[in-house]
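**Q** One structure, pasted below without further comment.
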Amino acid sequence: MNSDFLKYQAQTTPHPLAMEISYANGSYIYDSNNKAYLDFVAGISATPLGHNHPKVISAIKKQLDKYMHVMVYGEYIQKPAVELTKLLAKNLPSSLEKTYLVNSGTEAIEGALKLAKRATGRSEVISANKAYHGNTMGSMSIMGFEERKQAFRPLLPNVKFISFNNESDLKHITKKTACVILETIQGGAGFIVPSNNYLQKVQKRCNEVGALFILDEIQPGIGRTGKLFGFENYNCIPDILVTGKGLGGGMPIGAFTASSKLMDLLQDNPKLGHITTFGGHPVIAASALATLKEVTESNLMQEALEKEQLFRKLLVHPLITEIRGKGLMLAIITPSSDTANSLILKCQEAGLILFWLLFEPKAVRITPPLTISNDEIIKGCEIIIDLLDEIQQQ
């Protein structure tokens, strides 16, 4: 299987982890030798209810028995998609009332950028240095990391970059700006949280010049920060909200949400302003609906904050210089990339899954399922501390 994996399936790096998966359940993934791995990553924040959650699996199976794909997005009334978008609206501020369902976070970003240009008639897009919003051509254009973009230029024109949390850069947002797009918490940059009401100040500046304010909640959304969406922690409301990853409960999804006034612009002048074949797929929408219901109707969001404090209490070590993030979106910062690499690889050998961040080589991702137990947190943290001791002695 390993040789076939490398021969027939395109890879993203020269050295994939190449663990052969047999099955997964709860907070654990099992390889082909039936070795259990405690999952502190949750598919990069994409399985908030853990693996094989009974309510999610039941919703998928029930929908499979009824029908799968029947028509391109937006033409037929399909109950799972209608109920999902209605439940999202119920749990969002009144200005965020209509949702367009797509297939991935990066497609949702593309749709949000198109909507901003359509609504304002402007072309300038402002993003942040070290931002990551996906990897299609439009999303890559607003990635604030040139090393990952240079091989694929030319990209979208008229994109400018500001520094996250730098208020003096807000002067660059002008009446030429169609939109400012930011991650609520910068992910690839190292889980940088907004400070000093930064997002509120960006929103105010956007309002002053008529630009739209877009927030990317693909990672922090769906309960991970102790609120359904991260922006609820930071005294702001975006004009366009983008989500994905965890919303699908392990199935591929993306979505962008705005007011009806904005979203209806995609219907005409031109018609078919944004189209997708599989967006709102009934099986995926059923999975997302079950996930959203469980997150909003349980105590998982409050528990995410309590579990954050347990992680911070347990992860104290000379080789941990800082723990960034909020809730169960956390990153260990180590003294060097070598330390981070060693810890991630040694933990996998020891049965604990950790992972890297895109642009911060000293960081180690900790984004477990929201359903992870305190005992599992304690077990995983003990492995981390023991291996950091080992690395320190080398």
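The values are calculated or read from the model by the stated rules, or taken from the named source; none is laboratory data. None of the values given here were measured: they were computed from a predicted structure. With ideal geometry, Cβ positions are generated from the backbone for all residues, glycine too; neighbour counts draw on all protein chains shown.
**Q** Given Leu319, Leu357, which one is closer than 24 Å to Ile29 by Cβ and among the hydrophobic types (A, V, I, L, M, F, W, C)?
**A** Values: Leu319 fails: closer than 24 Å to Ile29 by Cβ.
Result: Leu357 is the single residue among Leu319, Leu357 that is closer than 24 Å to Ile29 by Cβ and among the hydrophobic types (A, V, I, L, M, F, W, C).
**Q** Going by the structure shown, is Gly43 surrounded by fewer than 21 Cβ atoms within 10 Å (Cβ to Cβ) and modelled with pLDDT under 95? Can you show your working first?
**A** Working: surrounded by fewer than 21 Cβ atoms within 10 Å (Cβ to Cβ): yes; modelled with pLDDT under 95: no.
Spelling it out, it is not the case that Gly43 is surrounded by fewer than 21 Cβ atoms within 10 Å (Cβ to Cβ) and modelled with pLDDT under 95.
**Q** Among the candidates Glu382, Glu303, which residue alone is over 22 Å from the mean Cα position of the chain (by Cα), among the acidic types (Asp, Glu) and not in a loop (DSSP other than H, G, I, E, B)?
**A** Working: Glu303 fails: over 22 Å from the mean Cα position of the chain (by Cα).
Result of the check over Glu382, Glu303: Glu382.
**Q** Still on this model: Which residues, taken from segment 249-260, are surrounded by fewer than 24 Cβ atoms within 10 Å (Cβ to Cβ) and over 18 Å from Glu110 (Cα atoms)? If you could, list the steps in order and put the result at the bottom.
**A** If we filter segment 249-260 for residues that are surrounded by fewer than 24 Cβ atoms within 10 Å (Cβ to Cβ), which is where we start, we get 251-252, 259-260.
Answer for segment 249-260, where residues must be surrounded by fewer than 24 Cβ atoms within 10 Å (Cβ to Cβ) and over 18 Å from Glu110 (Cα atoms): Met251, Ser260.
**Q** Pick from Val82, Val70: which is without any contact (Cβ under 8 Å) to a residue 40 or more places away in the chain and either touching a Pro at 6+ places or on another chain (Cβ under 6 Å) or more than 22 Å from Glu349 (Cα to Cα) (or both)? Let's see the steps before the verdict.
**A** Working: Val70 fails: without any contact (Cβ under 8 Å) to a residue 40 or more places away in the chain.
Sole residue among the options that is without any contact (Cβ under 8 Å) to a residue 40 or more places away in the chain and either touching a Pro at 6+ places or on another chain (Cβ under 6 Å) or more than 22 Å from Glu349 (Cα to Cα) (or both): Val82.
**Q** Does Thr99 qualify as being outside any helix (DSSP H, G or I), closer than 28 Å to Thr296 by Cα and under 18 Å from the mean Cα position of the chain (by Cα)?
**A** Values: outside any helix (DSSP H, G or I): yes; closer than 28 Å to Thr296 by Cα: yes; under 18 Å from the mean Cα position of the chain (by Cα): yes.
Criteria met by Thr99.
**Q** Count, please, the residues in segment 249-292 that happen to be touching a His at 6+ places or on another chain (Cβ under 9 Å) and either part of a loop (DSSP other than H, G, I, E, B) or among the polar types (S, T, N, Q) (or both).
**A** Looking only at that region, the number is 9.
**Q** Of everything in segment 261-285 that's under 24 Å from the mean Cα position of the chain (by Cα) and polar (S, T, N, Q), which residue is surrounded by the most Cβ atoms within 10 Å (Cβ to Cβ)? Steps first, answer last, please.
**A** Going residue by residue through segment 261-285, those that are under 24 Å from the mean Cα position of the chain (by Cα) are 262-263, 274-285.
From the residues that got through so far, the ones that are polar (S, T, N, Q) too are 276-277.
Details: Thr276: 17, Thr277: 11.
Selected residue: Thr276.
**Q** I've got another one for you. Is it the case that Ser127 is of a type outside the set (D, E, K, R), surrounded by fewer than 16 Cβ atoms within 10 Å (Cβ to Cβ) and in contact with a strand residue (DSSP E or B) (Cβ under 7 Å, 6 or more places away or on another chain)? First the steps, then the outcome.
**A** Values: of a type outside the set (D, E, K, R): yes; surrounded by fewer than 16 Cβ atoms within 10 Å (Cβ to Cβ): no; in contact with a strand residue (DSSP E or B) (Cβ under 7 Å, 6 or more places away or on another chain): yes.
No.
**Q** Within segment 333-358, restricting attention to residues that are assigned to a helix (DSSP H, G or I) and touching a strand residue (DSSP E or B) at 6+ places or on another chain (Cβ under 8 Å), which residue is farthest from Phe40 (Cα to Cα)?
**A** The first filter runs over segment 333-358 and keeps only residues assigned to a helix (DSSP H, G or I), leaving 337-349.
In the following step, the residues that additionally are touching a strand residue (DSSP E or B) at 6+ places or on another chain (Cβ under 8 Å) were identified as 340, 343-344, 347-348.
On the way: Ala340: 15, Leu343: 13, Ile344: 11, Cys347: 10, Gln348: 11 Å.
Among those that are assigned to a helix (DSSP H, G or I) and touching a strand residue (DSSP E or B) at 6+ places or on another chain (Cβ under 8 Å), it is Ala340.
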